[in-house]
Amino acid sequence: MSHSISTAEVPPGTVTGVDKYAVGDNGAYFAVSRKCRHLRADLAEGTVDADGCLVCPWHQAKYDVSTGRMVRGPQGIFAKIPGLGAGFRALTRVVPLRRGTVQKRGEILHID
Ligand code: FES
């Protein structure tokens, strides 16, 4: 089932939630499943960084939205546990975030 949102609700460099997706604009519109692979934080509450990656609001794991893979593991207290970040990065090679398709029609984004 398709969901839609106005482009005005997704300004450049931001991310928001649409149904089960985190939908954002990092220069292009993207949609990825919104549960972080670490502890399931809502990635729709995250941020888009200067590299165009989606950053988790809880422990700042960072995802490449073009592949759904974690490119930096959890930070903060979790970064101090050797191998933990690497473990989650490896997990997302096998189980990346699901990627949705975004189609822009007029000023409306349709997400599937
Ligand atoms: S829940 Fe996303 S990095 Fe911890």
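The values are calculated or read from the model by the stated rules, or taken from the named source; none is laboratory data. Remember, predicted model here, so these are calculated numbers, not experimental data. Heads up, the Cβs are rebuilt from the backbone with ideal geometry, glycines too, and the neighbour counts pull from every protein chain shown. Each accessible area value is taken on the protein alone, full model and side chains, heavy atoms only, with ligands, DNA and RNA left out. Shrake-Rupley method; radii C 1.70, N 1.55, O 1.52, S 1.80 Å.
Mind checking the full-extension length gain between VAL71 and ALA50? Use 0.36 nm per residue of separation minus the Cα-Cα distance, one decimal, nm. Kindly include the intermediate steps, with their values, before the conclusion.
On the way: separation 21, 0.36 × 21 = 7.56 nm, distance 1.39 nm.
Full-extension gain reported as 6.2 nm.
If the label point is 7 Å along Cα→Cβ of ALA86, which residues in region 55-72 have backbone nitrogen under 19 Å from it?
61-62, 70-72
Per residue, how many Å² of accessible area does the chain show with a 1.4 Å probe? Intermediate values should be presented prior to the final figure.
Values: 6000 Å² over 112 residues.
So the chain comes to 54 Å² accessible per residue, rounded to a whole number.
Can you send over the carbon and sulfur percentage of the accessible area for the chain, probe radius 1.4 Å, protein chains only?
Working: 3180 of 6000 Å².
Carbon plus sulfur share of accessible area: 53 percent.
Taking amide hydrogens as modeled 1.01 Å from N in the peptide plane, which residues meet the under 5 Å criterion relative to GLY100, leaving out close sequence neighbours?
Answer set, sorted by chain and number: ALA31, VAL32, SER33.
Region 1-35 to region 67-85: how many Å between their Cα centroids?
Distance between centres, Cα-based: 24 Å.
In degrees between 0 and 90, to the nearest 10, how far off the longest principal axis of the chain does helix 84-94 point, with axes built from Cα atoms?
Once rounded, the angle reads 50 degrees.
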